[in-house]
Amino acid sequence: MIVTLDFVCIRLHPESRAPEVLLRKRETSPEPGSYGLVGGWIREQSQGPIQPQTQPQTQERTQKPGEGDSCLDDAVHRILRDKVGLAPSYLEQVRAQGSLYRDIARGWSVTIPHLCLFNRTENDRLALQDHLRWASLWDLLDSRVPLPFDHLTLVSSAYQAFVNKIKYSSLLLYLLPSEVTIGEIVDAYATFGIEVKKQTVINRWIKAGLLEETGTTRAVSSKGPPARLFRLTEPTLSYFESAIGKSLPAAPTTIA
């Protein structure tokens, strides 16, 4: 049975702020030349006996070229390093998919999808080559941009997990620049169909100490005063007891 990893890598376009997904041009059969999600096979250990691990692994292990993956994290880091060249600002495993029919040419296969978020700083550092391109998330969900295999299902599943989580956590901040205005946070939520008040951001994040003021400002319009900038201070994701906002009437939906 084939076991693979697929990565739904999402960013906000630097100018339009519309959500996009990173696609990679397939070089091998099946469907060579088509664009699909970044992904790869898990490499099995094939040389020598497996030694039991007596001590917990405390740091990322450096793999040698061609070496098998000793754990899932090895495979995740290897594929992102080799095919993207940059670690995301946030990474989370979502629901696995598997069947006899998701890759008919090669039989039974299972994929372990991951949601990856890239903020603006990382976008600038991500040197895209000819085989990589960003595609509109909305165009993918509406099937205006075709995807091979069951990649549309993987995008839809990861997007739904993302939207559900940003209602009750600070996850959305990992998609934004390291320094943001309150207005940019509110606008980003609206992009994903969630109405959030500026006062809610102040109460939930600033007064709670999850966001701290940087002491600098940014011009946001030609008429109004510059807006204060804030940075995220939390070491890990924060969760809220209730939803941060309410769904807008025209909120984007996933595929049926």
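The values are calculated or read from the model by the stated rules, or taken from the named source; none is laboratory data. What you see is a predicted model, and the numbers here were worked out from it, not measured in a lab. Here the Cβ positions follow ideal geometry from the backbone for every residue, glycine too, while neighbour counts run over all protein chains shown. SASA here: full protein model, heavy atoms, side chains in, ligands and nucleic acids out. Shrake-Rupley method; radii C 1.70, N 1.55, O 1.52, S 1.80 Å.
Taking the longest Cα principal axis of the chain as reference, the axis of helix 182-191 is set at about 50 degrees.
Can you give the percent of C-alpha pairs in the chain whose distance is more than 31 Å?
Numbers: 10392 of 32640 pairs.
Here the tail beyond 31 Å accounts for 32 percent of pairs.
Can you sort 71, 116 by 1.4 Å-probe accessible area, starting with the largest?
Details: 71 50, 116 0 Å².
Order by accessible area, largest first: 71, 116.
Within the chain, DSSP assigns beta bridges of which about 80% are antiparallel (rounded to the nearest 5). Helix 72-83: angle to the longest alpha-carbon principal axis of the chain, degrees 0 to 90, nearest 10? Compared with the principal axis, the helix lies near 80 degrees. Across 3, 38, the residue with the most accessible area heads the list, and the full order at a 1.4 Å probe is 3, 38. Ordered by solvent-accessible area of protein heavy atoms (1.4 Å probe), largest first, the residues 77, 151 come out as 77, 151.
Not counting the cut sites, what is the longest span of the chain without GluC sites (Glu not before Pro) that DSSP labels loop and that have at most 12 other Cβ atoms within 10 Å?
Values: sites that count: 15, 27, 44, 60, 241.
With GluC sites (Glu not before Pro) excluded where exposed in loops, the chain gives 61-240 as its longest stretch.
Per-residue ellipticity at 222 nm computed for the chain from its helices equals -6000 deg cm²/dmol, with DSSP H segments shorter than 4 residues left out and the rest contributing -39,500 (n - 2.57).
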